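The values are calculated or read from the model by the stated rules, or taken from the named source; none is laboratory data. Computed from a predicted model, the values in this text were never measured in an experiment. All Cβ positions, even for glycine, are placed from backbone atoms using ideal geometry, and neighbour counts span all protein chains on display.
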Amino acid sequence: MEELKKIILRVASIILITFLPCAGLLMVYFYTSPKIAEYYDVKEKRAVLDIFHIPYRVKEKSIAGFTFKSYDKKDIKEVFGNNITVEEPTPISWETQPAGTQTAKEKPISGKRIFKYVKDEKLQGLGFVESKMGYGYNKSSAMSLFICVEPDLETLKGIEVLDHSETPGLGGRITEDQFKKQFIGKKLRPKIFVVKGKRSEGANEVDAITGATNTSRGIESFLNDAMKEFWAGQGDITW
């Protein structure tokens, strides 16, 4: 009987030890997941507004000589909703053929959400978010960019880096304005080129980041591949 009690106590202890951490993790997950989702949603909206130079409320505080910025999430959402049109990809409608094969009735427009900004009844540009694995220096992680083009669909309006795992101070400099501003006005056709060892001069050339050649090449391939897919999805534009 004593032996049975010991076994029951040990089993109960093991269950308790494993249950409590799991329960704690679940509680943390359910508490933080909505906040994380909101953070990325606001970050995406900020990137879109920044590309189109649409102002939103920013608060600045100076503490011990350091300036800290905070963003009014409610204002960002309102400004975004009042200025940006989001077009969801057209769902594919399938039609069963007599032989049992299926064909798509309608081709989705690039298969992505398209963000459009219209001002004074004139299209200012459009953009989309692209996430890909295996680009940059850290090829085991995903990179995510907001890519925005002019109405001609061939001239870059700008890029914003939403997520990356590149080395801080090296590849991580892709988030710096000095690097990102190079892409404004660059021609996407036939391709974007990142040049190293000389100053970029062509209409489709940008300077590589010193000491981060792999990341620079990764951005080059990322943009070219993303635009190739985007153009293919438009139907009336060929690569």
**Q.** Top-ranked residue of region 32-83 - restricted to ones that are part of a strand (DSSP E or B) and without any contact (Cβ under 8 Å) to a residue 12 or more places away in the chain, ranked as nearest to LYS180 (Cα to Cα)
**A.** LYS69
Q. Quick check: anything in region 203-223 in contact with a Leu (Cβ under 9 Å, 6 or more places away or on another chain), on the phi > 0 side of the Ramachandran plot and not in a helix (DSSP H, G or I)?
A. yes
Q | Unmet criterion (only one of (1) more than 29 Å from ASN204 (Cα to Cα); (2) at pLDDT 95 or above) for GLN97 | A | (2)
Q) Could we say that ARG173 is of a type outside the set (Asp, Glu), over 30 Å from GLU88 (Cα atoms) and surrounded by 16 or more Cβ atoms within 10 Å (Cβ to Cβ) here? A) yes
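Would you mention how many residues in region 146-175 are aliphatic (A, V, I, L, M), part of a strand (DSSP E or B) and either out of contact with any helix residue (DSSP H, G or I) (no Cβ under 9 Å at 6 or more places or on another chain) or closer than 17 Å to GLY185 by Cβ (or both)? Don't jump to the end; show me each part of the working.
Let us first name the residues in region 146-175 that are aliphatic (A, V, I, L, M), namely 147, 149, 153, 156, 159, 161-162, 170, 174.
Next, only the ones that are part of a strand (DSSP E or B) stay: 147, 149, 156, 159, 161-162.
Cutting the leftovers down to either out of contact with any helix residue (DSSP H, G or I) (no Cβ under 9 Å at 6 or more places or on another chain) or closer than 17 Å to GLY185 by Cβ (or both) gives us 147, 149, 156, 159.
Residues meeting the conditions: 4.
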Q. Touching a residue at least 40 places away in the same chain (Cβ under 8 Å), out of contact with any strand residue (DSSP E or B) (no Cβ under 6 Å at 6 or more places or on another chain) and not aliphatic (A, V, I, L, M) - does that describe any residue in region 181-202?
A. no
Q.
For the condition more than 17 Å from TYR137 (Cα to Cα), among the aliphatic types (A, V, I, L, M) and modelled with pLDDT under 95, what is the one hit in VAL206, VAL194?
A. VAL206
Q.
I want to confirm something. Restricting to region 133-167 and keeping residues that are surrounded by fewer than 18 Cβ atoms within 10 Å (Cβ to Cβ) and more than 20 Å from LYS228 (Cβ to Cβ), which single residue is nearest to the chain's Cα centre (by Cα)?
A. ASP163
